[in-house]
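Here is the structure we will look at, set down as structure tokens.
The values are calculated or read from the model by the stated rules, or taken from the named source; none is laboratory data. Keep in mind that this is a model prediction, so the values were computed, not measured. Because the Cβ atoms are built from the backbone with ideal geometry, glycine has one as well, and the counts that use them run over all protein chains shown.
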């Protein structure tokens, strides 16, 4: 009797190998996309967080300085005001000499700078060249208020100042991430008790 043997097939056909390769490529692609999306989301979140912290620290510093405008006897508490800069005085270190400070926005360099002068006799002398308070600044706005909460551009009537800063992402951040993050703005209103006390009741 003739015996027939069935031989089991060993190995894979070319079609099966191709299908498995395609499936692996799809899986790797999906995982890679998820990983890249996760990195992008993380980069956006960390950039925004860093900008928020920079905004907070900048506003805190500027507010502390502005709050004490007119502290101790000075001739003129606020010298000049504008939407993008202000110049104010006070004896900040209690040495009897009047200190003058200015906060200025430089749009070309996208910075906020502070400059310090000290009065000796009738003249003011520069203590330091303009120092950078913040970089990547798209906009700096000051809004000034009277005791009655009315906006004013009269330095003698100012008792409160609203400071608003708008930042763009750092230059070190990749362009695509910069576009997704956009700009961030924050503001803080500062009451200046030394200015309010100077006004007649």
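A few notes on this one:
- Residue 23 part of a helix (DSSP H, G or I), surrounded by fewer than 11 Cβ atoms within 10 Å (Cβ to Cβ) and over 31 Å from the mean Cα position of the chain (by Cα): yes
- Test: residue in the stretch 163-170 that is at pLDDT 95 or above and either closer than 30 Å to residue 95 by Cβ or assigned to a loop (DSSP other than H, G, I, E, B) (or both): yes
- The stretch 181-201: number of residues that are part of a helix (DSSP H, G or I) and over 16 Å from the mean Cα position of the chain (by Cα): 4
- Among the residues examined, residue 94 does not qualify as touching a helix residue (DSSP H, G or I) at 6+ places or on another chain (Cβ under 7 Å) and either within 25 Å of residue 159 (Cβ to Cβ) or not in a strand (DSSP E or B) (or both).
- All conditions in (1) in a helix (DSSP H, G or I); (2) within 30 Å of residue 183 (Cβ to Cβ); (3) free of Cβ contacts under 8 Å to residues at least 12 places away in the same chain hold for residue 29, with the sole exception of (2).
- Pair list, Cβ < 7 Å and 6+ apart or interchain, from the stretch 147-159 residues that are modelled with pLDDT under 95 to residues that are part of a helix (DSSP H, G or I): 147/196; 158/195; 159/195; 159/196
- Condition check for residue 141: more than 22 Å from residue 92 (Cβ to Cβ) and either in contact (Cβ under 8 Å) with a residue 60 or more places away in the chain or not in a strand (DSSP E or B) (or both): no
- Residue check for residue 72: modelled with pLDDT of 85 or more and surrounded by 14 or more Cβ atoms within 10 Å (Cβ to Cβ): no
- Note on the stretch 30-59: among residues that are modelled with pLDDT of 85 or more and surrounded by fewer than 11 Cβ atoms within 10 Å (Cβ to Cβ), the one that is nearest to residue 91 (Cα to Cα) is 53.
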